[in-house]
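J.: Right, I'll just put the structure down here and ask away after.
Since every read-out is calculated from the coordinates, none of them should be taken as a lab result. Not measured: the values here are computed from a predicted model. A quick note on method: Cβ atoms are made from the backbone with ideal geometry, for glycine too, and the neighbour counts reach across all protein chains shown.
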Amino acid sequence: MPVEYTACVASVIKSGKSKDDAQRICAISFNKKFGISPQAAHKIGDWKGWKKSHGFEESLPQTVTCKSCNKDFDYSTTVEICMGTVKCPNCGMIINQEGTVVIEQDLPKNKVP
Ligand SMILES: [Zn+2]
């Protein structure tokens, strides 16, 4: 599978989601980003070459507005969690380059602060 997908699945599982959820979430965001499914990408022999020829070079937007907290932040200085998604430095939601919330952080419910 493409590295963007596998890295995404790994980090989403790390964030506490089940493997099924992770695969579903990452397949959706992969599809959104590249316009094809990870399975289809897997069948492309030269994935890096395909990305280049389809204009998917590493060009990230600079400023993104988080749709959860409506705060702007610099996407390029925020560490990517997985392809096309970062954790909002303000509210901690996992959002994509458009600022749309991809994963809502599950806060521990039975922990007393
Ligand atoms: Zn936010």
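J.: Apply 1/(1 + (r/R0)^6) to the Cβ-Cβ distance of K71 and A10, taking R0 = 35 Å, and write down the FRET efficiency to the nearest 0.05. Mind showing how you got there, number by number?
T.: Values: r = 28 Å, r/R0 = 0.79.
So the FRET efficiency works out to roughly 0.80.
J.: Report the local net charge at K67: Lys and Arg +1, Asp and Glu -1, summed over other residues whose C-beta lies under 13 Å from its C-beta. Before the final figure, lay out each step's value.
T.: Numbers: positive: K71; negative: D72, E98, E104.
Around K67, the surrounding residues sum to -2.
J.: Dimensions of the chain along principal axes (Cα, Å, largest first)?
T.: Sorted from largest, the Cα extents of the chain read 51, 31, 17 Å.
J.: Still on this model: Counting only residues 5 or more places away or on other chains, whose amide H sits under 5 Å from the amide H of V102 once H atoms are built in the peptide plane?
T.: I94, I95, N96
J.: Another question, if that's okay. Given K43/K87; K17/K67; K19/K52; K32/K52; K14/K71, which pairs have Cα atoms separated by over 27 Å?
T.: On the way: K43/K87 30 Å; K17/K67 21 Å; K19/K52 30 Å; K32/K52 17 Å; K14/K71 25 Å.
Flagged as over cut-off: K43/K87; K19/K52.
J.: Follow-up. Label-point separation (nm) for W50 and E104, each offset 7 Å from Cα along Cα-to-Cβ?
T.: 3.3 nm
J.: Against the longest principal axis of the chain, how steep is helix 3-14, in degrees 0 to 90 to the nearest 10, with axes from Cα atoms?
T.: 20 degrees
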